[in-house]
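The structure under discussion appears below in the form of structure tokens.
The values are calculated or read from the model by the stated rules, or taken from the named source; none is laboratory data. It should be emphasised that the depicted structure is a prediction, and the values quoted were computed from it without experimental measurement. Here the Cβ positions follow ideal geometry from the backbone for every residue, glycine too, while neighbour counts run over all protein chains shown. Surface areas here come from the heavy atoms of the whole protein model, side chains and all, with no ligands, DNA or RNA. Shrake-Rupley method; radii C 1.70, N 1.55, O 1.52, S 1.80 Å.
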Amino acid sequence: MASDMTAPILDALSSADGPILSTEAFPSTPSLTIKAALDRLASRQMVEYTTFDREVIALTEEGESVVANGSHEAKVFEAVVAAMDGLKIGDLPGIVGKDNAKIGQGNAFKRGWIKKDKDVLRANTDSIRDETREQLQIIKDTHTHPDSKVITDLKKRKLATPTKVIHFKISKGPKYAREFVKEETDLTAEMLANGSWKTAHLKPYNFKAKGAPTPSGALHPLNKVRQEFRNIFFEMGFEEMPTNRFVETGFWNFDALFVPQQHPARDLQDTFYIADPEKADPPREDPPNDPHVPKPSSQLTSSKTTEKPLDYKEYWENVRAVHENGKYGSIGYRYPWSADESLRLVLRTHTTSVSTYMLHKLAANPRPARYFSIDRVFRNEAVDATHLAEFHQIEGVIADFGLALGGLIGFMEVFFAKMGIHRLRFKPAYNPYTEPSMEIFGYHDGLKKWVEIGNSGMFRPEMLEPMGIPKDMRVYGWGLSLERPTMIKYGVSNIRELLGHKVDLNFVATNPAVRLEKE
Ligand code: PHE
């Protein structure tokens, strides 16, 4: 830090009758250093000051060198005198330098210090007065020269130049004192113990100061948007499904959903299979008190005694039958269904496996139910700006008697309006487990275009009846990614900026809390 000027300023004021000028009191101190001290003093009302700038004359680098070493003409004169018996003109640049020789020769002639004898220079006088150097010295000391012609001349020779200096007119403030007492910023135990607090100068509290940033954790945008969606679901009477099984059997992920075993989604290119163990046990009764076993909500369980869901063996056989030869009025796929394929372990490709599991539980006591989940799913995808091998799926199911497609469309309108999407379009689509199936498009006001926001449908009897859901019960289902709305809401165009090792922690720490334009 530059030297502290508080003490010199207070000293200078004490010996002066009135205000002092910084250029006079501290000619060689940089104005920034003076200002720093003045601000400290002024904040305690010890001084008052006004700032102004003034144009002064200062030396150029060359001017400084003349003050130090003499003018060009003086150097030429000295060289000529030193040569004793005249100096050949051609030798001059070699002795005094090119610039000195050129400028100095002319000036030395003009002043009558030297004369020319053919091509030899000789001194005309014994001694000279180096006026240029004297004039520059005056400017160096006083930032000006009384003779304006001199200034013009030196400016022309580029030895002096006008510059602006900031300076201060300083006077005593109402709380002026000779000494600047350091202010205490903290009241310490020591000060209390030794009594020095009584006389200490405590720095006044600055209520306008910005506090130090509080270190804290931050929720990832995906978590924030997830919470928003959870709230929407809870507002609409949904119950959250337990999604703690990332690894599922082919049975729960595909077969129970009436996805045929030859379906391309089951290819290695699309699904991650677990190598070890390669196979699961056949579905069986859940062990009692297993914390991993999803439990139907106590809230929504009717007061009737809960019956057991359909026996797994029977369910399993029903699934086999509906795939192989058809059942429940369906002709099935007519292919030999493989139990081994159904027992292969996969990283779940959708959370519809969880919905299926929960619907199977619901079948024990069929009643209107609304379930949702938001959790991770895995797909063997080529990673690019909008795809990762894992993402989060938002999934909802509604089970009730007498539901129809219009109800699903109507529900979607209410559901998406809650997140600020008011214009929807539905496009017929295909899922093995829903009929009819619809892709959902929403008009995005910000992006000014239609974006695909979800997939939906009514679960097929081939999926519901094998698990024991009664014939007159209908189930809506839909799914969407959590990443898509999060990217749109937070203006992220590359999914890798949202998830994975390229995420900027600053982005996580500083993004706003809630971004859904909820109704
Ligand atoms: N499982 C579907 C998907 O992965 C979403 C969906 C769920 C569709 C339920 C219809 C019914 O996109």
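The table below gives the values:
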| read-out | value |
| --- | --- |
| Pair list, Cβ under 8 Å, 6 or more apart: segment 112-132 residue under 23 Å from residue 154 (Cβ atoms) and without any contact (Cβ under 8 Å) to a residue 40 or more places away in the chain, other residue open to solvent by 70 Å² or more (accessible area, probe 1.4 Å) and part of a strand (DSSP E or B) | 114/122 |
| In segment 17-32, the residues that are surrounded by 13 or more Cβ atoms within 10 Å (Cβ to Cβ) and closer than 10 Å to residue 172 by Cα | 19, 20 |
| Selection status of residue 484, open to solvent by 60 Å² or more (accessible area, probe 1.4 Å) and assigned to a strand (DSSP E or B) | no |
| Residue that is farthest from the ligand (Cβ to nearest atom), among those in segment 335-388 that are farther than 30 Å from residue 502 by Cα, open to solvent by 40 Å² or more (accessible area, probe 1.4 Å) and charged (D, E, K, R) | 340 |
| Among (1) under 30 Å from residue 362 (Cα atoms); (2) more than 16 Å from the ligand (Cβ to nearest atom), the one test that residue 475 misses | (2) |
| Qualifying residues in segment 430-444 (those that are more than 15 Å from the ligand (Cβ to nearest atom) and in contact (Cβ under 8 Å) with a residue 24 or more places away in the chain) - the one farthest from the chain's Cα centre (by Cα) | 442 |
| Whichever residue in segment 445-469 is of a type in the set (A, V, I, L, M) and in a strand (DSSP E or B) and, among such residues, is nearest to the ligand (Cβ to nearest atom) | 458 |
| Filter result for residue 87 (open to solvent by less than 80 Å² (accessible area, probe 1.4 Å) and under 30 Å from residue 8 (Cβ atoms)) | no |
| Selection count, segment 418-436, where residues are among the small types (Gly, Ala, Ser) and in contact with a Ser or Thr (Cβ under 6 Å, 6 or more places away or on another chain) | 1 |
| Condition broken by residue 407, with the remaining ones in (1) in a helix (DSSP H, G or I); (2) in contact (Cβ under 8 Å) with a residue 40 or more places away in the chain; (3) more than 16 Å from the ligand (Cβ to nearest atom) satisfied | (3) |
| Subset of segment 264-289 (residues that are in contact with a helix residue (DSSP H, G or I) (Cβ under 8 Å, 6 or more places away or on another chain) and of a type in the set (S, T, N, Q)) | 271 |
